[in-house]
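The values are calculated or read from the model by the stated rules, or taken from the named source; none is laboratory data. In this text the structure is predicted, and so the values were computed from the model without any measurement. Heads up, the Cβs are rebuilt from the backbone with ideal geometry, glycines too, and the neighbour counts pull from every protein chain shown.
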Amino acid sequence: MKAVIAGLVVALSASAAHAADVRILWYSDGVEGEVMKDLLSRFHEQNPDINVTLDNVAFQVVREQLPIQLEAGQGPDIARVTELKPLSRHWLDLTPYLKNVEGFEAAYGDQLDWMRPDNSDIIPGFMTQITLSSGFANKTLFDRAGVALPGEGATWDQWMEAARTVAASQQVPIPAAIDRSGHRISGPNLSFGANYIAVDGSPAPVDAGVRAFTEKFVGWNRDGTINPEVWVTAAGTTYRAAAEDFVNGQVAFYYSGSWQIPNFSRQIGDAFDWVATGSPCGPSACTGIPGGAGLVAVKYTKEPEAVARVMEYLASEPVAREFAARSLFLPANKAVRDSGVEYRTEDPQVAAALEKLLAAQKTTSDEAQRLPGWRWSSAYYGALVNRVSQVIAGELSFDQAYARIDVDVRDAVAAAQ
């Protein structure tokens with residue numbers, strides 16, 4: 001990997017001449033790269049016969065360059081990725097190399113299907129954290145405007161109305177924002193009754209649920225409720241977050257996800273109070289989309305035994321607990337999740353937000369729970385973000401966009417097969 005962003009390379013040299021070299025391709029949402037650097041330094045102290053190099057790159061590098069490397073039978077030994085199912089044919093089965101297969105499955109079995117090839121029972125890795133899409137409110141703006149935060153069961157319409165009222169009262173430019181992401185609008189789509197998965201597991205055509213929320217969403221972009229710049233200043237499937245606007249106090253309500261919490265704590269500080277809200281409700285559900293990043297072994301590695309030792313160390317309960325506590329993420333390890341995490345932060349807003357999202361997981365719909373392990377999720381998300389952006393920009397009508405989403409997904413399936 002040539003493109004190393006921020007220059008973070010952890011080279012842990014071994015004294016043994018026969019040391020195995022293991023390279024990890026990593027990206028960071030917040031501080032977790034520094035946490036991983038520290039954890040790996042301790043691993044090396046215990047395992048001097050293994051060199052570990054951590055390449056901490058931009059997420060876009062992982063998303064765009066890693067698939068090309070994998071198709072060529074190359075790549076790192078281990079990678080942190082979110083495109084788990086689509087790339088699953090490239091993952092190594094760690095089962096023959098793990099010391100405690102049953103323990104690994106007990107700790108991470110709930111999400112193993114997210115990263116396995118269909119109809120497979122391999123163990124390719126583990127989730128470094130669980131994420132959940134969610135709303136965030138600038139509580140200080142709401143308080144100053146004298147507007148109560150909409151409570152449990154509040155609808156998307158109620159949240160948008162409250163955000164408009166707050167923005168007008170406090171003269172902030174953006175009532176609400178949603179990341180430019182097909183994943184991000186999928187929770188609302190499902191809340192309005194959408195279903196992406198046909199009975200046979202193939203992609204279903206655009207349905208009434210997708211149409212219902214898309215038309216509200218486009219309307220909010222056109223009337224200024226939602227900042228349209230987030231969606232129309234990028235092209236294709238390019239991801240764009242609206243976090244900077246929220247951090248700068250320019251947005252009353254922001255729909256993103258749990259991965260933003262460490263950044264909010266670090267960047268907002270005591271500038272204003274903010275809270276996680278969970279996902280607003282539609283007629284069918286009040287759901288976000290679960291997900292997360294997985295740390296997976298690449299089957300083209302020349303050091304499978306060393307890779308397994310690194311993975312088993314990082315997946316162990318004490319290491320997973322420390323990683324969650326220091327990175328401020330929702331844990332994936334079942335034992336850690338069940339017993340709770342004492343997060344290492346002096347920011348009370350962080351603990352409250354994480355507790356809110358742990359509770360919000362209970363409202364995640366069955367349809368949403370299926371998407372992380374569905375092979376065609378990324379294809380559907382990509383088609384959504386591209387075509388909905390074109391509707392907002394006035395380049396396509398709704399009907400044209402819906403037809404092209406179906407074609408885009410069909411083309412992606414055909415290309416993959």
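If you go through region 266-285 and keep only what is surrounded by fewer than 21 Cβ atoms within 10 Å (Cβ to Cβ) and at negative phi, you end up with R266, Q267, I268, D270, A271, F272, D273, V275, P283, S284. Determine whether region 310-319 contains at least one residue that is farther than 26 Å from L54 by Cβ and of a type in the set (D, E). The answer is no; no qualifying residue exists. Answer with yes or no whether P124 is within 24 Å of the chain's Cα centre (by Cα), modelled with pLDDT of 95 or more and not aromatic (F, W, Y). In short, yes. If the Cβ limit is 9 Å and pairs must be 6+ apart or interchain, which residue in region 134-153 that is more than 15 Å from G249 (Cα to Cα) pairs with which residue that is among the basic types (K, R) and assigned to a helix (DSSP H, G or I)? Qualifying pairs under 9 Å: S134/K356; L149/K139.
Residue-by-condition table, conditions (1) part of a loop (DSSP other than H, G, I, E, B); (2) not assigned by TED's automatic domain parsing to the domain that holds G249; (3) not hydroxyl-bearing (S, T, Y):
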{"position": "E83", "(1), (2), (3)": "yes, yes, yes"}
{"position": "P96", "(1), (2), (3)": "no, yes, yes"}
{"position": "G103", "(1), (2), (3)": "no, yes, yes"}
{"position": "D110", "(1), (2), (3)": "no, yes, yes"}
{"position": "N119", "(1), (2), (3)": "yes, yes, yes"}
{"position": "D143", "(1), (2), (3)": "no, no, yes"}
{"position": "L149", "(1), (2), (3)": "yes, no, yes"}
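Counting the residues of region 1-57 that are in a loop (DSSP other than H, G, I, E, B), at pLDDT 95 or above and not polar (S, T, N, Q) gives 2. A single member of V350, V341 is over 29 Å from G282 (Cβ atoms), of a type outside the set (D, E, K, R) and touching a residue at least 12 places away in the same chain (Cβ under 8 Å), and it is V341.
Just the residues that are of a type outside the set (A, V, I, L, M) and either in contact (Cβ under 8 Å) with a residue 40 or more places away in the chain or closer than 23 Å to L40 by Cβ (or both), please, taken from region 64-81. Those that are of a type outside the set (A, V, I, L, M) and either in contact (Cβ under 8 Å) with a residue 40 or more places away in the chain or closer than 23 Å to L40 by Cβ (or both): Q65, Q69, G73, Q74, G75, P76, D77, R80.
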